[in-house]
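First up is the structure itself, then whatever we jot down about it.
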Amino acid sequence: MYLVLKAGPETNDDYPVMHGELKVGQIYKRQAALRPEAQWLWAPNGVPTDPDAPASTGLAATLHEAMAALQERWSKWLASSELTEASGSL
């Protein structure tokens, strides 16, 4: 199951990132971004990291790039935790 954006309650620039019914991250557009390449902030929620882990947050120029980076981080976390995506319904 891939991660999906859910429309945020406050603005169109604030998105919970969902894995099914589980909120696993957040992406939002920074209001005072001084550089166009750093407008969107992405971060997973509750994903433990260690010093050798890939970035747990990041900045991107577009919403699409932010979502791709968060998806990549999620996939790496699953692999490092020896977990896999569930298939089918429970």
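Worth a mention:
- Residue satisfying all of: in the stretch 12-28; under 16 Å from Thr62 (Cα atoms) and not in a strand (DSSP E or B); modelled with the highest pLDDT among these: Asp13
- Yes/no for Thr49 being at pLDDT below 80, assigned to a loop (DSSP other than H, G, I, E, B) and over 25 Å from Ala79 (Cβ atoms): no
Quick grid of which residues meet (1) out of contact with any helix residue (DSSP H, G or I) (no Cβ under 6 Å at 6 or more places or on another chain); (2) at pLDDT 80 or above; (3) within 13 Å of Asp13 (Cβ to Cβ); (4) not β-branched (Val, Ile, Thr):
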| residue | (1), (2), (3), (4) |
| --- | --- |
| Arg30 | yes, yes, yes, yes |
| Ala33 | yes, no, yes, yes |
| Pro36 | yes, yes, no, yes |
| Gln39 | yes, yes, yes, yes |
| Ala43 | yes, yes, no, yes |
| Gly58 | no, yes, no, yes |
| His64 | yes, yes, no, yes |
| Ala68 | yes, yes, no, yes |
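The values are calculated or read from the model by the stated rules, or taken from the named source; none is laboratory data. Fair warning: this is a prediction, and the values are worked out from it, not measured in the lab. Cβ sites come from the backbone with ideal geometry, for glycine too, and all protein chains shown count toward neighbours.
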